[in-house]
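Undergrad: Before I ask anything, let me first share the structure, which is written out below as structure tokens.
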Amino acid sequence: MKKYSTNFVATIIAALILSQFLPWWSVMIAAFATSLFFSLKRAAVFIIPFIAIALFWMAYAFWLGNANDFILAKKIAVLLPLKGNAYLLILITGVVGGIAAGIAAVFGKQCVTLLAKR
């Protein structure tokens, strides 16, 4: 259980720091790096970074949208088939970020496995 919480917190902290300097894909670097240093097993390799980055992106999107009463989020939600629901857009944003981070973490775990065999 300690590995899970350590990976979760480390992924969020790394993503928070990297997102100050890099574009959106910085969460993938954070998930990749934390999976190199904090090894998880089986499905947890994907699920823990997925949840960490999904929560991070949803909280960040909510914080940014709340500052302007979700004006831009509502307009984007109209462009997508979301019927203007800004909260559903925030949820989808979190899922997309989580999937990107989960895949990067699986790749990091595969790199560790590949290098350990040599």
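Undergrad: Quick one: helix 44-66 against the long Cα principal axis of the chain, what's the angle to the nearest 10°, folded into 0 to 90?
TA: 30
Undergrad: Okay, next question. Any chance you could check the Cα centroid distance between the stretch 70-113 and the stretch 1-66 for me, in angstrom?
TA: Cα centres, the stretch 70-113 to the stretch 1-66: 13 Å.
Undergrad: Quick one: plug the Kirkwood hydrodynamic radius of the stretch 39-94 (C-alpha pairs) into Stokes-Einstein at 37 °C, 0.692 mPa s, and report D in µm²/s.
TA: Values: Rh = 12.2 Å.
After rounding, the answer is 270 µm²/s.
Undergrad: Starting from the Cα of K75, step 7 Å toward the Cβ, then list every residue of the stretch 88-118 with an amide N under 17 Å from that point.
TA: Answer for the stretch 88-118: 89-90.
Undergrad: Against the longest alpha carbon principal axis of the chain, how many degrees, from 0 to 90 and to the nearest 10, is the axis of helix 86-117 turned?
TA: So the helix axis and the longest Cα principal axis differ by about 10 degrees.
Undergrad: With θ taken as phi - 60° and the coefficients 6.51, -1.76 and 1.60, list the Karplus ³J(HN,Hα) couplings across the stretch 70-79 in order, rounded to whole Hz; mark glycine and proline as x.
TA: So the J values, rounded to whole Hz, are 6, 4, 5, 4, 5, 5, 5, 5, 6, 5.
Bear in mind these aren't lab numbers, they're just calculated from the coordinates by the rules spelled out. Only a predicted model underlies this, so the values are computations on that prediction, with no experimental measurement involved. Here the Cβ is made from the backbone with ideal geometry for all residues, glycine too, and neighbour counts use every protein chain on show.
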